[in-house]
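Chemist: Right, I'll just put the structure down here and ask away after.
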Amino acid sequence: MKFPIRTVLAGGCALSLLTAASAAWGAERSAPAGAAKPSATPTATAKPKPKPKPVDCAKVKCIALTFDDGPGKYADKLLDTLKKHGAKATFFLEGQYVKSRPAFAKRMVAEGHDIGNHSYTHPKFTEIPLENIREELKKTQDIVKKVTGKYPTMIRPPYGLLDDDTKTAATEMKMPIVLWNGGSRDWATKNEKAIYDEVLKNAKRDGVILMHDWVTQTVLVMPKLLTELKKRGYHVVAVSSLPGAKSLKPADVYPAGAAEDKDLSSDSPTGDADTPVEAPADGT
Ligand SMILES: [Zn+2]
């Protein structure tokens, strides 16, 4: 018999919130124009761009935005926005979509984002045997490596549900388990302002925020959200840049306490019968 650890995370009805963020809602900033093109001749040696300094989250305020279930159909647009804002993200990919949208997965890795393993077909790990958990994870490791050249470095089980078998598989595969400690409820509200407000409500230093790149409103609100996070002093980084994520051992659960947090309401679709399901990939 299995004893699932139900992950219950930041939630509540974002629609009723009136936060300081609301005041800034109308202030959409248009995308800055790119730098003027150099008038170099074709024979000129192109100077390599100076590499941006790595962000030191021990010294500056950081936050990690994470996107589950992808690569989603809007991932390209999201990647454009992240690039424009100099932000890094973490994508917890499903193997089946890596197979169907390989170019997006490839681009995520090429542009320096973190990749995590979110299973192949999104089953509840608490309801399938260890053997199947292994297979779900292994198939996804393989397809991501094949497509991007790199293996995912962390696991986020579907719905944030994990049990001892999940930890066993993570130990075998030498990967930590990364959950979240702040939600967006984007899958539920599908409303740009609600998503914006919910993320800003849950934003905290070194926080890990859960979002989905198959929710079009999430992708649409991202420029405004990144602008506001920056205004509040945040550097938007991949999970691996967070101080607490640097020394994780296989099967460690991060952020600390996320799996046991009972005070927070559910931020993830549970897959229960009354949960709205959006095919083909809902949930977290
Ligand atoms: Zn998911």
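The values are calculated or read from the model by the stated rules, or taken from the named source; none is laboratory data. Just so you know, these numbers come straight off a predicted model, no measurement behind them. Note: ideal-geometry Cβ built from the backbone for every residue, glycine included; neighbour counts use all protein chains shown.
Chemist: With respect to residue 204, is the statement that it is in contact with a helix residue (DSSP H, G or I) (Cβ under 7 Å, 6 or more places away or on another chain), surrounded by fewer than 19 Cβ atoms within 10 Å (Cβ to Cβ) and either charged (D, E, K, R) or modelled with pLDDT under 95 (or both) true?
Modeler: No: the conditions fail for residue 204.
Chemist: If we keep just the residues of the range 114-131 that are of a type outside the set (Ser, Thr, Tyr) and crowded, with 20+ Cβ neighbours inside 10 Å, which is farthest from the ligand (Cβ to nearest atom)?
Modeler: Within the range 114-131, the first condition is being of a type outside the set (Ser, Thr, Tyr), and the residues that meet it are 114-118, 122-125, 127-131.
Keeping just the survivors that are crowded, with 20+ Cβ neighbours inside 10 Å gives 114-118, 122, 125.
Values: 114: 16, 115: 14, 116: 11, 117: 11, 118: 6, 122: 6, 125: 11 Å.
Ranking the candidates gives 114 first.
Chemist: Taking residue 246 as meeting all but one of (1) in contact with a Lys or Arg (Cβ under 7 Å, 6 or more places away or on another chain); (2) free of Cβ contacts under 8 Å to residues at least 12 places away in the same chain, write down the number of the exception.
Modeler: Evaluating residue 246 over (1) in contact with a Lys or Arg (Cβ under 7 Å, 6 or more places away or on another chain); (2) free of Cβ contacts under 8 Å to residues at least 12 places away in the same chain leaves (1) as the failure.
Chemist: Quick check on residue 134: is it closer than 22 Å to residue 57 by Cβ, surrounded by fewer than 23 Cβ atoms within 10 Å (Cβ to Cβ) and modelled with pLDDT of 95 or more?
Modeler: no
Chemist: Which one of 209, 143 is within 16 Å of the ligand (Cβ to nearest atom) and closer than 23 Å to residue 73 by Cα?
Modeler: Working: 143 fails: within 16 Å of the ligand (Cβ to nearest atom).
Exactly one of 209, 143 is within 16 Å of the ligand (Cβ to nearest atom) and closer than 23 Å to residue 73 by Cα, namely 209.
A quick yes/no check of all residues on (1) surrounded by fewer than 24 Cβ atoms within 10 Å (Cβ to Cβ); (2) part of a loop (DSSP other than H, G, I, E, B); (3) more than 16 Å from the ligand (Cβ to nearest atom):
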{"site": "55", "(1), (2), (3)": "yes, yes, yes"}
{"site": "64", "(1), (2), (3)": "no, no, yes"}
{"site": "67", "(1), (2), (3)": "no, no, no"}
{"site": "72", "(1), (2), (3)": "no, yes, no"}
{"site": "80", "(1), (2), (3)": "yes, no, yes"}
{"site": "83", "(1), (2), (3)": "yes, no, yes"}
{"site": "96", "(1), (2), (3)": "yes, no, no"}
{"site": "103", "(1), (2), (3)": "yes, no, yes"}
{"site": "109", "(1), (2), (3)": "yes, no, yes"}
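Chemist: Quick test for you: out of 218, 189, 270, pick the one residue that is within 16 Å of residue 92 (Cβ to Cβ) and either at pLDDT 95 or above or not small (Gly, Ala, Ser) (or both). It would help to see each step written out before you state the result.
Modeler: Working: 189 fails: within 16 Å of residue 92 (Cβ to Cβ); 270 fails: within 16 Å of residue 92 (Cβ to Cβ).
So the residue among 218, 189, 270 that is within 16 Å of residue 92 (Cβ to Cβ) and either at pLDDT 95 or above or not small (Gly, Ala, Ser) (or both) is 218.
Chemist: Is there any pair with a first residue in the range 60-89 that is closer than 22 Å to residue 181 by Cα and a second that is acidic (Asp, Glu) and surrounded by fewer than 22 Cβ atoms within 10 Å (Cβ to Cβ) whose Cβ atoms are under 6 Å apart and which are 6 or more apart or on different chains, and what are they?
Modeler: Hits for this filter: 62/206.
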